[in-house]
Ligand SMILES: Cc1cc2nc3c(=O)[nH]c(=O)nc-3n(C[C@H](O)[C@H](O)[C@H](O)COP(=O)(O)O)c2cc1C
């Protein structure tokens, strides 16, 4: 696939299988995330937390219990960006760059993805979730991405148009 085909293929797919992704797929996704630009090159301030299998199922139970809905879309892998930087504008932008690279790599591998702010927010405000994940309190939970094999090709109707000025 050329780059245009990859970015056109990347759409948020919310119909995912909870089957785990193979290690080499996870490695490719991580590699894509690691090659994203981050402010001042401070990669050391960032943690990419990969949640799978029993831990993911336990987290999903907490989320469904606290939110009454599976906002992880039954995914087989959840990746969270944790950041210890103090400048929230920059930590948010770092997360966006990393997660977009991961979503594009997922599209190239035909893996479904959804960028999720909601899941990160829920975890951040859920003592049970933080306890399960043993989140280091010096890191803020910024955002995440739900990943998994697609069980449907259905995506929401969205108009990808941004007003431009010259
Ligand atoms: C910063 C950001 C936060 C998002 N948070 C959520 C979220 O919490 N839940 C969700 O279902 N989708 C979330 N999305 C996905 C967007 O809704 C989606 O990308 C947008 O509607 C465009 O659709 P597309 O991804 O299919 O092109 C988020 C996307 C971004 C960039």
Worksheet entry | Choice from 14, 156, 60 showing the highest fluctuation, given a GNM over the chain with Cα pairs closer than 10 Å | 156
Worksheet item: Does anything in the stretch 127-166 have its amide N under 16 Å from the 7 Å Cα→Cβ label point of residue 92, and if so which residues?
Response: 140-144
Worksheet entry | Those residues of the stretch 76-113 whose amide nitrogen sits under 16 Å from the label point placed on residue 153, 7 Å along Cα→Cβ | 107-113
Practice prompt. When a/c is below 1.5 the answer is rounded, else prolate if a/b is larger than b/c, else oblate, so apply that to the stretch 1-90 with a ≥ b ≥ c taken from the square roots of the Cα gyration tensor eigenvalues.
Written response: oblate
Discussion item. Let me check against my output: what whole-number percent is the relative contact order of the chain, with C-alpha pairs under 8 Å and at least 6 apart?
Written reply: 36 percent
Practice prompt. Would you mind classifying the stretch 28-148 by shape? Square roots of the alpha carbon gyration tensor eigenvalues, ordered a ≥ b ≥ c; an a/c under 1.5 is rounded, otherwise it is prolate if a/b is larger than b/c and oblate if not.
Written response: oblate
Practice prompt. Return the whole-Å distance between the Cα centroid of the stretch 2-78 and the Cα centroid of the stretch 113-142.
Written response: 13 Å
Worksheet, complete the sentence: Per the helix-only model, the chain has a calculated mean residue ellipticity at 222 nm (DSSP H runs of ≥4, -39500 (n - 2.57) each, divided over all residues, rounded to the nearest 500) of -12500 deg cm²/dmol
Worksheet item: How high is the FRET efficiency from residue 57 to residue 6, r the C-beta distance, R0 35 Å, rounded to 0.05?
Response: 0.70
Item to complete: Quickly work out the residue 127-to-residue 42 label distance, labels modelled 7 Å from Cα along the C-beta direction, and quote it in nm with one decimal.
Response: 3.0 nm
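Every read-out reported here was derived from the displayed coordinates using simple, explicitly stated rules and does not represent laboratory data. Keep in mind that this is a model prediction, so the values were computed, not measured. For neighbour counting, all protein chains shown are included, and Cβ atoms are generated from backbone atoms with ideal geometry for every residue, glycine included.
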